[in-house]
Amino acid sequence: MFDNLSEKFSDAFKNLRGKGAITEENIEETLKIVRTALLEADVNFKVVKMFLASVKEKALGEKVLRGVDPGEQFIKIVHDELASMMGNAHIELDLDKKTPYPVLICGLNGVGKTTFTGKLALYLRGKKKKNVYLIPADNFRPAAKDQLIIHAKNLGVDYFDSDLSMSPVEIVKAGMEQAKELGKDVVLIDTAGRLQVDDALMADLVDVKNYLKDPEVLLVADAMTGQESVNVAKTFHEKIELTGIVLSKMDSDARGGAALSMRFVTQVPIRFFSTGEKMKDLEPFHPDRLAKRILDMGDVLTLVEKAEEAIDEKEAEEMMKKMEKNQFSIDDFMKQMNMMNKLGSMKGLLKMIPGMGGALREVGDLGDAEGEMKKMKVMISSMTKEERNNHKILNDSRRERIAKGSGRSKKDVDEFITKFLQMRKMMSGMMGMMKGGNMPDLGAMMSGQAPMPGMGAPGQKRRKPKKKGKGKGPFGGGFFK
Ligand SMILES: Nc1nc2c(ncn2[C@@H]2O[C@H](COP(=O)(O)OP(=O)(O)OP(=O)(O)O)[C@@H](O)[C@H]2O)c(=O)[nH]1
Ligand SMILES: [Mg+2]
């Protein structure tokens, strides 16, 4: 979602490369581009003004460090200011203040409250080992209760069977009593949404909040609606005093303005952001890490955390050994694709690698990498165990059979095997380099500025990546066409 902003920032910083020092004159143009980029991303204009003033002051006041490129130094200042604008460190929910701890989830119509309630239940149970209970308290739209119950059942989380003829506060009273009896740690209360902030909605929420005394009050705000959602958050905060904000739909083509101005305008910390409709699509909001992603500095910490969750360490180690010895099989490849799927979207993952954001922009989009993976998986599923472990036995008649079984042509199967072999070679080359202590610069490799191990120099065997547009993917000879 920050693609545009990242691209503009990267243009802005180019201006400063190779300059001896940061001066008022030479940052003028850069600041102008940064200003336009932020306004285009729908960042609140007051926030933009403060941001630029602060960056300028720091940039001019800073001594140029020996050996540090002024461009790099400027990026560091912009990073720190972006992080500070979004609240600096991540603030965790403190759910140990009382038991059971109530979390009131509110927001306008259709912003993703019910979905978030399910996601938070999964997060708190998995990451925080909490015994979670759900109360559907939306008596405005009757189907909302069933929607929450479906999430609860899928997740295996207990829920209160509320009587929707009662008022929200009555539902919550009954639900909280039940939660106490059941010895629950945290109770998530899903409330009704309205088209606009209206008095009836606020009155219901105030009643519930007063009854609960000091609950966590989280507002779900739709990142897609930009400044509008910032105004809504301000009003909610004035009326019911929020303790946190959740940005939903950050996977959409939202321009990022809400994420960048929400904290500054409301002074309420952003706790989480949602990146999809699935229950696992929720991330704690780390301002410093997000600033890094925006500035194409990667987000290695999040990547490592995700990897730790999804990857079986022993299995990964075995795969590394196999890669190094060029013994990586089609079966291993399948396992690896399954691991990657658990991590999230390919594009999202690649962007967490430093420098990769810019490289991805240069080579154009990834094409339909996920769709391509699915096709490969179907082909692999049509192979026997023996074939998956030893591609050498894949003769013409076996390939014909696999093509038939997977609904593809023989040519598709041939191509898959050729690409698999290319990738295997590349991996073994890469493992060798890493072992020698030379971590390859993946960003540069993908954009064609550095050679892929085992693939020759860019422009030799490989075609130079096209600028923008479809065309070949970044994986060497178009691994994912
Ligand atoms: N892409 C995307 N879709 C989301 C996200 N969160 C929710 N949605 C979708 O948005 C729609 C509305 O979500 P709900 O959770 O029902 O929203 P709500 O605020 O509870 O809606 P009401 O109860 O009617 O006010 C659903 O289709 C969700 O699947 C997200 O982070 N990304
Ligand atoms: Mg709902």
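The values are calculated or read from the model by the stated rules, or taken from the named source; none is laboratory data. Bear in mind that the values here come from a model prediction, so they are computed numbers and not experimental data. Because the Cβ atoms are built from the backbone with ideal geometry, glycine has one as well, and the counts that use them run over all protein chains shown. Side chains are part of the model used for accessible areas, which takes the heavy atoms of the whole protein and leaves out ligands, DNA and RNA. Shrake-Rupley method; radii C 1.70, N 1.55, O 1.52, S 1.80 Å.
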| Distance (nanometres) between label positions extended 7 Å along Cα→Cβ at Q327 and A53 | 6.6 nm
| task | Give the calculated FRET efficiency between E317 and Y211 to the nearest 0.05, with a Förster radius of 51 Å applied to their Cβ-Cβ distance. | result | 0.45
| remark: For region 3-85 the translational diffusion coefficient, Stokes-Einstein from a Kirkwood Rh over Cα pairs at 4 °C and viscosity 1.567 mPa s, in µm²/s, is roughly 101 µm²/s
| query | Label-point separation (nm) for K32 and I150, each offset 7 Å from Cα along Cα-to-Cβ? | reply | 5.3 nm
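Just the ratio, please: alpha-carbon radius of gyration of region 258-312 over 2.2 N^0.38 Å, N its number of residues. Let's see the in-between values first.
Numbers: Rg = 12.8 Å, N = 55, 2.2 N^0.38 = 10.1 Å.
Taking the Cα Rg and dividing by 2.2 N^0.38 Å, one obtains 1.27.
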| Extension gain (nm, one decimal) between M166 and K335, 0.36 nm per residue minus Cα-Cα | 55.8 nm
| request: Might you work out the accessible area of H151 for me, using a 1.4 Å probe with all protein chains in place, and round it to the nearest 10 Å²? | output: 30 Å²
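I want to verify the translational diffusion coefficient of region 101-289 in µm²/s; compute it with Stokes-Einstein, Rh as the Kirkwood radius over Cα pairs, at 10 °C and 1.306 mPa s. Present the calculation step by step, with values, prior to reporting the outcome.
Values: Rh = 16.3 Å.
For these conditions, the coefficient is 97 µm²/s.
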| query | Got the relative contact order for region 151-240 handy, in percent, Cα pairs under 8 Å and 6 or more residues apart? | reply | 24 percent
| query | Got a sec? What order do L303, L350, L188 fall in by accessible area at 1.4 Å, biggest, i.e. largest, first? | reply | L303, L350, L188
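Using heavy-atom solvent-accessible surface (probe 1.4 Å) with all chains present, what is the largest-first order of F140, F333, F45?
On the way: F140 115, F333 10, F45 140 Å².
The residues order as F45, F140, F333, largest area first.
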| query | To the nearest 0.05, how large is the calculated FRET efficiency for K278 and L60 if R₀ is 60 Å and r is the Cβ-Cβ distance? | reply | 0.80
| task | Can you pull the one-decimal nm distance between simple spin-label points at K411 and D158, each 7 Å off the Cα toward Cβ? | result | 6.1 nm
| Whole-angstrom gap from region 37-55 to region 62-131, using each part's C-alpha centre | 20 Å
